[in-house]
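Below is one structure, written out as structure tokens; the observations come after it.
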Amino acid sequence: MACWVSFLLFFFCQSTSHADPIKEFPTKTLINNVVQDRQTGRIYLGAVNNIFQLGPSLQFEASAETGPKEDSPTCTPPASSCHDTSPMPNTNKLLLVNQKNGSLIVCGSRYRGICSLRDLSNVGKELYYTDNKGEKTYVASIEDDVNVVGIMSNHTKDQTTFDVFFVGKGYGSQDSAILISTRILQDFQDWVVFESISEPAVVQTKSYAPKFMHDFRFAFEEGGFIYFLFSRTFDGTDNKILTFVSRLCKNDSYYYSHTELQLNCGTNNQYNKVQAAFVGSPGKYLAQELIDKNIIGNRDAMSKVLFMVASSDDDKSALCMYPLSSINGRLMEIISACYSDSGKISNKPAVYAPYFSPKDIVCSSNVRKDMLDQYKCGADFLPSPLASRPEFAFKADPVWETQGFLTAVAIDVENDHTVGFLGNNQGEVFKVGVVSSLLPQNVNRNLFFDLSHNHIYITTERKITKVPVQTCLQKTDCQSCMDLKDPYCGWCVLEGRCTRRSECKRAEEKNGWLWSPAQQCVKIASFSPPNFSREKRGSSVRIYNCYCFLSYFVSLLYCCVLRCMSCVASAWECQWNILDHTCNDRNDAVTGPHIIRHREISHFISIKEELRGSWQVIFRNFLFLCFVHLSVTLYNCAKGREDCSLCKYADSKYKCVWCRKQNKCVFEKLCGTHQDEDLQNVQCPNPEITDVKPLYGPLNGSISITIFGSNLGIHKEDIKSITVAGEPCIHQKEKYSVSKSVVCEIGPKRKPPNEGKVEVEVNDNKRGMSRFSFTYRDPVPTAVKPSRGPKAGGTLITISGKFLETGSKVDVQVTIGGVFCLDREQFGEEITCRTGEYKGEKVPSEDLPITLKYGKSTSRTIQKAFKFLENPTVLDHTPKSSFVWLVEHKLHQFCPVMVLKIYSLACFPALPALLAFILWSRNACFAHLFRRKSQQAEREYEKVKHQLENLEESVRDRCKKEFTDLMIEMEDHTNDLNEGGIPFLDYKTYTDRVFFLPSKDGANDVMITGKLDIPEARKNTVNAALNQFSNLLNSKTFLINFIRTLERSHDFNARARVYCASLLTVALHGKLEYYTDIMRTLLLELMEEYVHSKNPKLMLRRSETVVERMLCNWMSICLYQFLKDSAGEPLYKLFRAIKHQIEKGPVDARVKKAKYTLNDTGLLGDDVEYSVLNLQVLVQGEGLDVTYVKVLNCDTISQVKEKIIEQVYRNLPYSQRPKADGVTLEWRPGSTGQILSDLDLTSQKEGRWRRINTLAHYNVSTDIMCCLAGKKGLMRPENSQENHEERNALLEDDKVFHLVRPAEELDEFKSKRGSIKDKSMTKAITEIYLTRLLSVKGTLQQFVDNFFRSVLCSGAVVPPAVKYFFDFLDEQALKHNNVDEETIHIWKTNSLPLRFWVNILKNPHFIFDVHVSEVVDASLSVIAQTFMDACTKSEHKLSRDSPSNKLLYAKEISTYKKMVDDYYKDIRLMVPVSDQDMNTHLAEVSRVRNPSHTSKLNTQVALHQLYQYASKYYDEIIKSLEEDPAARSKNLTTRLNQIAAALENKVTDL
């Protein structure tokens, strides 16, 4: 590109001309953004904590303070709801001018990047701001080093066009990961101001932002497209930075058209990181040079060019350029290659998908090239976003290179030449190669021209400066003018000066304006006279004045002296007037001591004498009064006078006035209004009401309210009237605060309505009305808790009811029968206070009323609400002592009350001892006791009571003993866990079991085995077709039609729906954001169906639809990591504790009942005698180490083998252990061994029944030696008693039992033999063993509680999916009138506890590599049912007929219910998980699982199985697609036909 450098860049070396002085505006804080209104020329500065509005000449017009703000990095607006906030600076992140509605878009770094709208004519006026619309309105970044760019545009939807702005931002650790979004500027349909109207589709560029390190630098619109210029890494795996330009159609709300093109600048892409850019039209000479070099065509001569400055890794910079026509051509090549040529250009891979993995397998579409124009903005079934590979980057040679760091660029065209202005980080601006130094600060990217292109605005860190683009007038002769070689400057021959061509009147004449290098100078020999005054021609010109703008008054005199000296010492005949400080042409008619003639310097010897009187100098809003003796008065009118009334309240001697033009209080001479306007008598605006406290008052009135605002008068007499909801309010003048607040007492409400605005009238009939309403209402107290307390007072009572928060806290008095209730600690929905002392001699026997008095005229009473009791008297306490007392215990130590009864209370001293102290009292609690029983009845009662206490004590002792034993055992098991770890299943096995194990084929399901019967010759064809089918499923239009069609089919039953949903989950697992979007869409349809035509409470209760199973699978995916990190350990310990507790007692191997269980139907109803044996076990192949194993003598041989395997291989997961039927157990009582088996010839027979062998059957005693070996590896002795044929016959006999014979067989046996009193044949009553349930429950209680807490404790980490989905349900419920809180509670329960946790709790083998036996499963089912009961809102009314399982946890269920309620409430109060944050999380889940798991998830098998449904319902699907206009426009029918032809190897209608 060196050939056109001479046309682009020209050398000059100039300083600022005095004829056109540099104008500047400094700021105290860093300037972040600068924008220009292209209609008015105004400049808007976005700085830290401030927004400034400047005129075209950088004169100050208005400002707004934007910070510091009370905020924190983790705060979710509004800030009032956040904790740990502190004042934080507000960095301006985005500044955009919307000329159509006269607003300025301002986005800062506080409150999650929420934006506001300000008035373009006065930025101090805020047009729109709200912080309660949620995460959808968060626009910018809260981190200072994250760049944000934006561009104004418009968008058309439903034939309505409205203003929007596009935003590109990098990623901050506290931000959402959305890179690009489209934000609306008005409320439209369901959208609110600043909401993103871009759809949350999978193709949106919003994932994986942290790893790509996006840095946005520039955005612009051209030809119906939006372009973003940014740098990022190639694929998120390395740190090499590359520059990209991306393009999307401005009406593409799904961002299907988003395509990225890599831009290389310099050899080997030396300048790889973009810093700034400018888009403009090239000059004629540059355009012609581009055409000559075939860079652009003739028709693109006027096409704009992207000029970019970029930096290298070695601190060098360069300017490169890229014609937009060439960029668009390259982008179309990329799109065409992906849509039609498998992503290849010239048979070389040219395209990849930067935000998906794997990145290469994306371009599998097959769109005909003649249809590419139809899809120039992409489509949902086409791959996106796309990017060019590095080999196909758009390469450009540097136009200009330099050492250092270029930070800004602006391009102008002068006389058909293209001129560049470049700024760097040293505060220098280059116009090609020679420096014009401005400030020792970084020049930021805001480098732009004024409307006339005569000046350029240069922004540094704390200053914006306006300088001319040329300084031609500095050159006084033709040759020096020619030497500039600057297209702006030429020699105007007839005027004899160096000027721009436009400033030379006869420049169009031949040789009238000369410009190098082609022309030569014309010399003027002489000119006479050499000078003369303009004054003498009749025009009076003031050349100098002495208004000096200085920071220090001391410099004032020197300033004026210097001005005066330069006047009288100049080459011209000027004279100085010391009275008005002006320099004029010599005039002999004006005489006097105040006139200093030309070169009469001696007059300055006595400055004091010449400067009698006072000096007046103005510096911004400050008035300096500077006298000869240097006394100064300083006054700032604006300080503390934010509105007109406060301004006029200022002392008149300071001459402060309210300037309507500036909308602020200033010194009168600074206002700059018309001279006829009387500034001292300007009328103030109408009052403005900003707040009213309180907002509620009783219907009878008589309470005070405070009205806050501005311009509420200057004196208290200015308040003429106040009305509240249409009723007069009496002004309390003594509480008046100038302009800021008014206090009045509201009157009674005479007629409805009971709510209305607050209005204040001041002088001159000016009125102000509140935007909000005041409500008249009467409080309705209904209940008081507690209802009694001692006469000494101090009881904290809580009064509940409706509308108690009426008036303010100071307006309310509470009395109890005349006794004041003091210290109101809470005033809101409930009122709390502490009772005073009842000072009467006798405590009333009746309950006293409680009266609440609101103000002077409103009282509400709750009759018989509270009773004073005599103060308690302690008579005795037991026990009298404890062993702790012997050390240091004293009676006056605090003893927390734990149990409160009628005549006693129990407390536990704050000591290590677990001893209860019983205090016997006459009046510890009030009760009526009627002694109507006889002494005999009393004795019987005491006897029964004693028996119950003994039973309770017995159960308690057993629980304590069992719990102690279990804790010791679990401690050993915990050590095993630390050694071997919890046997979590890998993700693939976990999903297989959750998704497909419940299917009809179970573990043999094709989705688990992954085996498809496809001929080898067709595998490639089938795989390609399945990839096409995968792309088709990624079309939302197709997938929604597909699911709806299947569900409308009558033979598509519930099992098929569940299976199909699981197949979809696997097929779309790599794109979970898209999967979530589909799930949301279907859920909204399901919700509409249930809310309007069914019972809403039944929604999500069963998996009757595809979407319900999709939700279950979605929860399973999202909570897998939470299971591993948090809930998995307590669940595994609970499972192990249950298993251990059950196996401590007899377990019937045939009827699957146990002595120790939680399930009454699985309770072993016989008192089986047993003893514990310690076996010494040698394992063949494991060395000579002996393993000690505890077993029961009533265990079957299989049970013994399982316990041995469990102990020996305890550090191995279940799937890697040998199985019991694959090993044999040999007992060696002496020198010979005996093989032990469940059934053999020695098995005991009882009638037709045969008992399974146990260790007791073989007379195995404790501490004996056993050997465990594989069946093929054990050498059996010759005298082995096992006969294979006989054993097989025995095993085939189903008339076997273990511990308990079935009841019906016992009855048959008894009927044949008559009455048998044999103890062994007597069936015990099962109910007498129900106390075992209590024992087991008490033993396991801590493990159950730990699991419930891990799942239901919001104090720990709550999975983002849970918060996100619960918020979704809350949000949808608000849109329906018939959805109450109970329904929302049921929806949440059905979606999480019922759909996920109960499933995992009942099936631990879904997450752990364990075996769950039937007896363990029975106990887990009881806990799962308890979990479900805890999540319901209905009250469980228990009776004697209630199931034992429900009675078992009846006491705890209320606690668990509260845990659930608190869990749901806490989640609602948590910081919302935005769509962006959720999609980032989902993308990370997909990304993390993709390399190691998704390839194993049998995706191709899932696609194949899904196609079977498409094939089965092919005609219905085709019909549905043909009836859908969106499907027709995307040719979805054609694509499905092509897939069918490939997969079924047949010719279709296509």
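In the range 1117-1253, with Lys and Arg counted as +1 and Asp and Glu as -1 at Cβ, which of these residues, Pro1229, Cys1118, Pro1218, has the Cα nearest the positive end of the dipole, that is, farthest along it?
Value computed over the given set: Cys1118.
Tell me the label-point distance for the pair Thr873, Asn1004, using the 7 Å Cα-to-Cβ offset, in nm and rounded to one decimal.
Label-label distance for Thr873 and Asn1004, simple model: 8.5 nm.
Can you tell me how much longer the chain between Asn101 and Asn763 gets when fully stretched, taken as 0.36 nm per residue apart minus their C-alpha distance, in nm with one decimal? Write down the numbers at each step before the final one.
On the way: separation 662, 0.36 × 662 = 238.32 nm, distance 3.40 nm.
Additional length available on full extension: 234.9 nm.
Pairs Lys69/Lys716; Lys284/Lys475; Lys802/Lys1465; Lys28/Lys431; Lys466/Lys669: which are spaced more than 31 Å apart, C-alpha to C-alpha?
Details: Lys69/Lys716 33 Å; Lys284/Lys475 27 Å; Lys802/Lys1465 21 Å; Lys28/Lys431 29 Å; Lys466/Lys669 26 Å.
Beyond 31 Å between Cα atoms: Lys69/Lys716.
Using a Förster distance of 60 Å, how high is the FRET efficiency between Lys505 and His715, based on the Cβ-Cβ distance and rounded to 0.05?
Values: r = 63 Å, r/R0 = 1.06.
E between Lys505 and His715, to the nearest 0.05, is 0.40.
I'd like the FRET efficiency for Lys1094 and Glu1516, computed as 1/(1 + (r/R0)^6) with the beta carbon distance as r and R0 of 25 Å, rounded to 0.05. Walk me through the intermediate numbers first.
Values: r = 25 Å, r/R0 = 0.99.
Given R0 = 25 Å and the Cβ-Cβ separation, E is 0.50.
What FRET efficiency comes out for the pair Asn1053/Lys1402, r = Cβ-Cβ distance, R0 = 30 Å, nearest 0.05?
Working: r = 23 Å, r/R0 = 0.78.
The pair Asn1053/Lys1402 has a calculated efficiency of 0.80.
Quick one: net charge of Leu1255's neighbours, Cβ under 15 Å, K/R +1, D/E -1?
Values: positive: Lys1190, Lys1201, Lys1203, Arg1228, Arg1251; negative: Glu1143, Glu1169, Asp1195, Glu1202, Glu1226, Asp1238, Asp1240, Asp1263.
Its environment carries a net charge of -3.
If each residue of separation counts as 0.36 nm, what is the full-extension length gain between Thr161 and Ile1014 once their alpha-carbon separation is subtracted? If you can, show how the numbers build up before the last one.
Numbers: separation 853, 0.36 × 853 = 307.08 nm, distance 5.32 nm.
Extra length from Thr161 to Ile1014 when fully extended: 301.8 nm.
Quick check: residue separation of Asp1462 and Lys735 times 0.36 nm, minus the Cα distance between them. What number comes out in nm? Intermediate results must be reported in sequence, preceding the final value.
Numbers: separation 727, 0.36 × 727 = 261.72 nm, distance 4.42 nm.
The span from Asp1462 to Lys735 would gain 257.3 nm if fully extended.
In the range 677-792, what percent of the accessible surface is made up of carbon and sulfur (1.4 Å probe, ligands and nucleic acids excluded)? List each step's numbers first, then the result.
Values: 2810 of 5660 Å².
Carbon-and-sulfur percentage of accessible area, whole number: 50.
Here are some pairs, Lys1155/Lys1433; Lys1094/Lys1337; Lys648/Lys720; Lys169/Lys1036; which of them have Cα atoms lying more than 30 Å apart in this structure? All intermediate terms of the calculation are to be shown ahead of the outcome.
Numbers: Lys1155/Lys1433 34 Å; Lys1094/Lys1337 40 Å; Lys648/Lys720 18 Å; Lys169/Lys1036 27 Å.
Table pairs above 30 Å Cα-Cα are Lys1155/Lys1433; Lys1094/Lys1337.
In whole Hz and in residue order, list the ³J(HN,Hα) couplings for the range 1045-1052 that follow from phi through the Karplus curve 6.51 cos²θ - 1.76 cosθ + 1.60, θ = phi - 60°; x for Gly and Pro.
Result, rounded to whole Hz: 5, 4, 6, 6, 6, 5, 8, 8.
If the only charges are +1 at each Lys and Arg Cβ and -1 at each Asp and Glu Cβ, what is the size of the charge dipole of the range 1350-1392 around the Cα centre, to the nearest 20 debye?
180
Each label point is 7 Å from the Cα along the Cα-to-Cβ direction; what then is the distance between the points at Ser787 and Thr1021, in nm?
8.5
For the pair Lys1245/Phe708, report the inter-label distance in nm, with labels modelled 7 Å from Cα in the Cβ direction.
It works out to 9.7 nm between the two label points.
The values are calculated or read from the model by the stated rules, or taken from the named source; none is laboratory data. Quick caveat, the model's predicted, so the values are computed rather than measured. Neighbour counts run over all protein chains shown; Cβ positions are idealised from the backbone, glycine included. SASA here: full protein model, heavy atoms, side chains in, ligands and nucleic acids out. Shrake-Rupley method; radii C 1.70, N 1.55, O 1.52, S 1.80 Å.
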